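Remarks on the structure that follows.
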Amino acid sequence: MLQKLAASLRWPAAAAPHGTALRCLSSGSVNITTPLNFWAGKRRTSREKCNENVYEPATGRVLCHLEPCGAVEVDQAVEAAKCAFGHWSKMSGMERARIMIQAAHIMESRREEIAEMEVVNNGKSITEARLDVDSSRLCIEYYAGLATTLAGQHVQLPGGSFAYTRREPLGVCAGIGAWNYPFQIAAWKSAPALACGNSMVFKPSPVTPVTAVMLAEVYAEAGAPEGLFNVVQGGQETGSLLCHHPDVAKVSFTGSVPTGKKIMEMASKGVKHVTLELGGKSPLIIFPDCDVENAVKGALMANFLSQGQVCSNGTRVFVQKDILPEFVEEVVKRTRAIEIGDPLLESTRMGALVSRPHLGNVLSFVDQAKKEGATVLCGGEPFVPSDPKLRGGYYMTPCVLGDCTDEMTCVKEEIFGPVMSVLSFETEDEVLQRANDTTMGLAAGVFTRDVGRAHRVVEHLKAGSCFINNYNITPVEVPFGGFKIYSDHFGEWRENGQVTIEYYSQMKTVFVEMGDVDSLF
């Protein structure tokens, strides 16, 4: 299922044959005792007491204990970032790019190590984790290239006078990550920030605290100034300290809509720059003239990557009624064939959900759908692997729901799990109205052979990231972001692509008078 996606990436020669990759870890074998906080160039312990267990999703075992950062630790991390900013911001774009490229090379050499820890940390399959590390590396390489191109504009004025603009960094940026892509989100946020000359303090999700510190070590090994990229662990209190900190110039957050609103409110008190990447309930429209085989593969990609824990997932699958039986038969057959189990095995295509409470929440959506009249065509049940060490893990069978209507809870609310809701439609106008009937506008997709229809439909879809005849492809060169709740309430923003440079820098205008002052006084 992921072979075509994997083939589009540049693979390190040593890691190309996946089946022969050296397996250093096995599920249930990891115990983490080293500190996961990092600032001023090394791992740090916190004076806060460790009250929260962190679990390995594949086994349900305690992986480590969270060491949250309080006010003292956050102050130290921000101060380290301030010191690094003073040096880093004065470097040329070429000098910054050289260090970032070196970081990408180090990440490439440590690809398997990082991917394995991401699996232990998050529960996704090793195949997907490798792709996440590659995306992270490509992001750093891309913004290293842009670091050398930051430039302003020259404007000629009368009498030989002129004006010019210059792009300048913001200062210390705070990144707050989510648990579905722990390592990749840290890279996606830090790469444009560092390219623009900023420093960063990053707080991972307390559910998945393990791999962000590995990125910090990669940057340090590459020659970044001490304090350039720092990691502070913790939950809501630590995030609040970052959002309110007077020396933090920008907050970039990935997570839920309710938390995003709180972040915006806290950051607004200090009039800070904010970037928010929130949830979605995206439509995927399947027209009768599509390549059904590709549409089925697209629907699987739109719903079951990372155990369905993807904000852009196209979980509302609208299928034209004439091909509904054929589509449903094939998608159910392919869904039942998805191999669930140990996420560190090469053959596994679906690992464990991130936590036991989240697994319970996803299963409750399936139960509610049945009560509201949906038909479970396959899956939607807890799954217990045959391997004894995995029996405490957080697994479920991927689910396809049929006979869905627009009013059902499973269609209206974000589930964030491997649950696909299939709906039928008759006309293009009808499906466009229904597809846009949501407060969220992150993503949307369409499958059709009619090029004119494809572009016409995309024009009318109220979503910021649209896919034609594919889904959930996120090249780092392309901006990613949403409409509606995003732009209406949180302001215009994007992650990735050249435009992101604007969100991690500020423009200064300089007027130069070459003659005498023409004064009215």
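The values are calculated or read from the model by the stated rules, or taken from the named source; none is laboratory data. What you see is a predicted model; the values in this text were computed from it and never measured. Quick reminder, even Gly has a Cβ in these numbers, built from the backbone with ideal geometry, and neighbours come from all protein chains shown. For accessibility, only protein heavy atoms count, side chains too; no ligands or nucleic acids. Shrake-Rupley method; radii C 1.70, N 1.55, O 1.52, S 1.80 Å.
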_Unique match (being touching a Ser or Thr at 6+ places or on another chain (Cβ under 8 Å) and open to solvent by 10 Å² or more (accessible area, probe 1.4 Å)) among S125, S135_ = S135
_Of all residues being open to solvent by 10 Å² or more (accessible area, probe 1.4 Å) and in contact with a Gly (Cβ under 9 Å, 6 or more places away or on another chain) in the stretch 300-318, which is nearest to E426 (Cα to Cα)? Just the residue, please._
T315
*Looking at (1) in contact with a helix residue (DSSP H, G or I) (Cβ under 8 Å, 6 or more places away or on another chain); (2) modelled with pLDDT of 95 or more, can you tell me which one F490 breaks?*
(2)
_Odd one out for D289 among (1) surrounded by fewer than 21 Cβ atoms within 10 Å (Cβ to Cβ); (2) more than 21 Å from E428 (Cα to Cα)_ = (2)
*If only one of K321, K371 is open to solvent by 50 Å² or more (accessible area, probe 1.4 Å), over 17 Å from N470 (Cα atoms) and touching a strand residue (DSSP E or B) at 6+ places or on another chain (Cβ under 7 Å), which one is it?*
K321
*Test: L344 is open to solvent by less than 10 Å² (accessible area, probe 1.4 Å) and either outside the structural domain of N294 (by the TED database) or touching a residue at least 40 places away in the same chain (Cβ under 8 Å) (or both)*: yes
_Residue ID - farthest from the chain's Cα centre (by Cα), chosen from residues in the stretch 173-188 that are aliphatic (A, V, I, L, M) and closer than 26 Å to G86 by Cα_ = A174
*So is N53 in the same structural domain as L170 (by the TED database), open to solvent by 30 Å² or more (accessible area, probe 1.4 Å), within 20 Å of V120 (Cα to Cα) and not in a loop (DSSP other than H, G, I, E, B) or not?*
yes
*Out of curiosity, is T165 under 27 Å from S109 (Cβ atoms) and among the polar types (S, T, N, Q)?*
no
_Let me confirm something: among S364, S424, which residue is assigned by the TED database to the domain that holds Q309, within 30 Å of A454 (Cα to Cα) and small (G, A, S)?_
S424
*Please specify each residue of the stretch 387-403 satisfying the condition of being surrounded by fewer than 23 Cβ atoms within 10 Å (Cβ to Cβ) and either at pLDDT below 95 or closer than 17 Å to L423 by Cα (or both).*
G402, D403
*Evaluate the following for R334: is it crowded, with 22+ Cβ neighbours inside 10 Å, of a type in the set (D, E, K, R) and modelled with pLDDT of 95 or more?*
no
*Tell me the strands (runs of 3 or more DSSP E) entirely within the stretch 144-203 that contain at least 3 residues that are in contact (Cβ under 8 Å) with a residue 60 or more places away in the chain.*
162-169, 172-176, 199-203
*Among the residues of the stretch 295-307, is there at least one that is more than 30 Å from V451 (Cβ to Cβ), among the basic types (K, R) and not assigned by the TED database to the domain that holds E118?*
no
_Please count how many residues of the stretch 225-237 are out of contact with any strand residue (DSSP E or B) (no Cβ under 9 Å at 6 or more places or on another chain) and in contact (Cβ under 8 Å) with a residue 40 or more places away in the chain._
1
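This table checks each residue for (1) surrounded by fewer than 24 Cβ atoms within 10 Å (Cβ to Cβ); (2) under 21 Å from M266 (Cβ atoms); (3) assigned by the TED database to the domain that holds G86; (4) within 18 Å of the chain's Cα centre (by Cα).
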position: N198; (1), (2), (3), (4): no, yes, yes, no
position: K203; (1), (2), (3), (4): no, yes, yes, yes
position: P206; (1), (2), (3), (4): yes, yes, yes, yes
position: P209; (1), (2), (3), (4): no, no, yes, yes
position: M214; (1), (2), (3), (4): yes, no, yes, yes
position: N230; (1), (2), (3), (4): no, yes, yes, no
position: E237; (1), (2), (3), (4): yes, yes, yes, no
_Can you pull out every residue in the stretch 188-212 that is within 22 Å of L353 (Cα to Cα) and not charged (D, E, K, R)?_
P204, S205, P206, V207, T208, P209, V210, T211, A212
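Matching residues to (1) open to solvent by less than 50 Å² (accessible area, probe 1.4 Å); (2) of a type in the set (S, T, Y); (3) modelled with pLDDT under 95:
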site: H18; (1), (2), (3): yes, no, yes
site: R61; (1), (2), (3): no, no, no
site: V74; (1), (2), (3): yes, no, no
site: A80; (1), (2), (3): yes, no, no
site: R96; (1), (2), (3): yes, no, no
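So that you can scan it fast, the table gives a plain yes or no per residue for (1) without any contact (Cβ under 8 Å) to a residue 60 or more places away in the chain; (2) of a type in the set (G, A, S); (3) touching a strand residue (DSSP E or B) at 6+ places or on another chain (Cβ under 9 Å):
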{"position": "L36", "(1), (2), (3)": "no, no, yes"}
{"position": "R44", "(1), (2), (3)": "yes, no, yes"}
{"position": "Y55", "(1), (2), (3)": "no, no, yes"}
{"position": "G60", "(1), (2), (3)": "no, yes, no"}
{"position": "L63", "(1), (2), (3)": "no, no, yes"}
{"position": "V74", "(1), (2), (3)": "no, no, yes"}
{"position": "A81", "(1), (2), (3)": "no, yes, yes"}
{"position": "V120", "(1), (2), (3)": "no, no, yes"}
{"position": "K124", "(1), (2), (3)": "no, no, yes"}
